[in-house]
1. I'd like the full set of residues that are within 27 Å of residue 149 (Cβ to Cβ) and surrounded by fewer than 19 Cβ atoms within 10 Å (Cβ to Cβ), limited to the range 561-584.
2. Looking at 384, 356, which is the one that is in a helix (DSSP H, G or I) and farther than 17 Å from residue 317 by Cα?
3. Out of everything in the range 325-343 that is basic (Lys, Arg) and within 17 Å of residue 311 (Cβ to Cβ), what residue ends up being surrounded by the fewest Cβ atoms within 10 Å (Cβ to Cβ)?
4. Based on what the data block shows, is residue 95 of a type in the set (A, V, I, L, M, F, W, C), buried (at least 24 other Cβ atoms within 10 Å of the Cβ) and touching a residue at least 60 places away in the same chain (Cβ under 8 Å)?
5. Report yes if residue 12 is touching a Pro at 6+ places or on another chain (Cβ under 7 Å), under 30 Å from residue 519 (Cα atoms) and hydroxyl-bearing (Ser, Thr, Tyr), otherwise no.
6. Condition check: among the hydrophobic types (A, V, I, L, M, F, W, C), surrounded by 13 or more Cβ atoms within 10 Å (Cβ to Cβ), part of a helix (DSSP H, G or I) and at pLDDT below 95. Does residue 432 satisfy that?
7. Just the residues that are of a type in the set (Asp, Glu), in contact (Cβ under 8 Å) with a residue 60 or more places away in the chain and surrounded by fewer than 23 Cβ atoms within 10 Å (Cβ to Cβ), please, taken from the range 526-559.
8. When you go through 58, 36 one by one, which is the residue that is of a type in the set (Asp, Glu) and surrounded by 12 or more Cβ atoms within 10 Å (Cβ to Cβ)?
Amino acid sequence: MAIVPVIQSAVSAQINKLYQVDLDPSSITVSETKPEFEGDYTVVLFALLKTLKKKPEELGNELGQALVAGNATLFSGFNVIKGFLNLAVSDSFWLQFLKEQYNDPQYGRHPRNGKRVMVEYASPNTNKPLHLGHLRNIFLGWSVAEIYKANGYEVVKTCIANDRGIHICKSMIAWQLFANGATPESTGIKGDHLVGDYYVKFGEELKKQMAPIIEKKQAELLESGKTPEETAKYLHDKKEELEKEAPIMKAAQQMLIDWEAGKPDVVELWRTMNGWVYKGFDETYKRIGANFDKVYYESETYLLGKELVEEGLRKKVFFLKDDGSAWVDLTKDGLDEKIVRRRDGTAVYITQDIGLAEVKKNEFNCDLSIYVVGDEQNYHFKVLKLICQKLGLEGADGIFHLSYGMVELPTGRMKTREGTVVDADDILDEMIRESELKTKEQGKTEGLSEEELKNLYEIIGTGGLKFFLVRVDPKKRMIFNPEESIELHGFTATFVQYTYARSQSVFRKELYTGGEIGAELLPLEKQLIITLERYADIIKQAGDEMNPSVIAGYVFEVAKLYNTFYNEHSILKAESPVKKELRLQINQMTAHVIKSGMALLGIRVPDRM
C-alpha cells in the first residue's frame, strides 16, 4: 500500500470527476512536501494547467477540496502555494499502514519481475593480495547485487580472476630469482601476501636495473642538444618503452610468451603460485561476507577473445599494422585507435574482456551486465562496449560500467608496485581492534561472554568499514579514516547498529500484542511512520541509480529520527495501553527496516551493544 501511487490514483479519479479528463495516474508528479511547508505530500500542478485550462490557484483549490471531501480516510487537509497542492494525509491511513506492515521483515522488497542482471565485482589480479581499493569495489558490487534482488531481479554475482598476463609473470620471475623456494607453509605468510611481496620485489629490482639505463639515455639526449626540460619530458613519456630494456622485464615478457605457448615448467609454477593466492583470497572473502555465483578466469576466456579478434579481422572490424599487431579504429566514434592483440600474438586486457562478454551472455543470457570497476577504466569500457557492438555480439547493448572513485588514505594515493597499498586483511584487523577499543571506552561490555564480545567487535569493525566505503556516492573519490568510521555519534554503521540494539532492548522488557493502536498520531510518531513507508521507494531509487549510498543515507535518517522519538516519547511507560501498543509496533517496524537496509549493505546488526 505505497502512498504515492494511492495519491496519484486519487488525484486522477478526481480530475476525471471534476473535468471529465482521463489522466494516467503515473503521469501525475507527487513528491514529499518540503519541510518549510505544511503537508505531507505535494502534487505538482504545472503540467496539468494546459490540459485542464485552469490557473494554478484555482486548480489547486478545486482539486484540494474535492480530494479531502471525497477521500476522508486518506486526506485530512490541504493548502496551495503557487503551482503546488500540499496534501495532509490522515492519521487513519498511516495507522492502517502500520497495522498491516509493522511485523513484515520483508517490507520494502519488490516482487519478481522476470529479468536477470549480472554484477561482476572484485576482479582481482593474482599477483597481490586484496587491498583497500578492492574492498570498496567488493562492498559496492555485492550491495548493488543485493539491491537488484530486492527490486525483483534474478541476480548472478560473478568475479573475473585476472590470472594471466605480464603482471602475473612479474611475481613469478621475482619468486624464481629471490625466493629460494619459499612457500606459504615454510614462511607462515598468507599465500596472497607472499606472492604480493614478490611483485613488490620485482618493482624494486626493476628500479635498480633502470637506473643505469636512464642515466645512459639522459646523457645521450643532453649530448644531442636536448635541454634538461626536454630530456626530463622524454624520459617520463618513454618510461614504459625504456623499461622493456631492463633484463628483468625482458625475462617477464619471455615468460608470458612461454606461458601462452604452454611451456610445462612455466605453467606448473603459474598454477602453484595462483593456488597460493586463491586460498588467501578465499580467507579474506569469508571474513567480509563476499560471495560469487560464478568465478571466471582470464586464462580460460582470453583464447575466445583471440578467436573473436580473428573474426573481427575477417569482418574488417579490426586491422593489422605493419608489425603484425591487431587494432580497432574508433576515431569516427570520438575515440582513437586501440590495440586488441600484440605483435607477438599475445592477448591484452581488452582481448580477454571481449571473450568474457561473449561467455557471460552465452552462459546466463542476462538483460544487463554490470562491471564494477574503478573510474580509471572509463575509457577501457567505452572501447569494450563499442567493439562488442561492432562485432555484433549479442548482449553488447546491455554492457554497463559502474564506475567508482578511488579510495585514498590521508597520506595520499596507494601504489602496489611501490609497496604503499593497505592490504585488506590489515585494515580489517585494524578495524576490529578499533571497535574493541571504542566499545571498552563506552563501558558497555557488561553481561557479554568473551565469545559474544569477539563477535560484537567483528560486527562493529567490519560493519564500520563497509558503511564508510558505501555511504559515499560511488562516483566520488574518498579518503578512508578508520577511527572516524566507527564513531558512535555520526554518520556511521556504529550509530545505526546502536539504534537497532536499542530497539531490541525494548523487546527484552515488553512485546507488542497486535491490539488497538488508537486514532491519532503525535507529530514524531507520524513522521517516523511516514519515513518508514518510504523504504520501498528508497530501494527502487538505489537500484535505478546503482547507488548503495542511498540506502546508507536512508537507514541513518531512520536511526536519527527513531532516537529522537525514543528520547521524547516513552514506549514502555506510554500514556495509555493503546499508545504503548502503537509505539511498540513503530519500534518493531523500525527494527525491521534498519535490519533489512543494513543487510542490503552486507552489514549485520547486533541485538546487544
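The values are calculated or read from the model by the stated rules, or taken from the named source; none is laboratory data. Not measured: the values here are computed from a predicted model. A quick note on method: Cβ atoms are made from the backbone with ideal geometry, for glycine too, and the neighbour counts reach across all protein chains shown.
1. 561
2. Going through 384, 356 in turn, the sole match is 356.
3. Of everything passing the filter in the range 325-343, 338 is surrounded by the fewest Cβ atoms within 10 Å (Cβ to Cβ).
4. Criteria not met by residue 95.
5. In short, yes.
6. Yes: the conditions hold for residue 432.
7. Narrowing the range 526-559 to residues of a type in the set (Asp, Glu): 533, 537, 544-545, 557.
Checking which are in contact (Cβ under 8 Å) with a residue 60 or more places away in the chain leaves us with 533, 537.
Once the filter is applied, which keeps residues that are of a type in the set (Asp, Glu), in contact (Cβ under 8 Å) with a residue 60 or more places away in the chain and surrounded by fewer than 23 Cβ atoms within 10 Å (Cβ to Cβ), the range 526-559 yields only 537.
8. Only one candidate passes the filter, namely 58.
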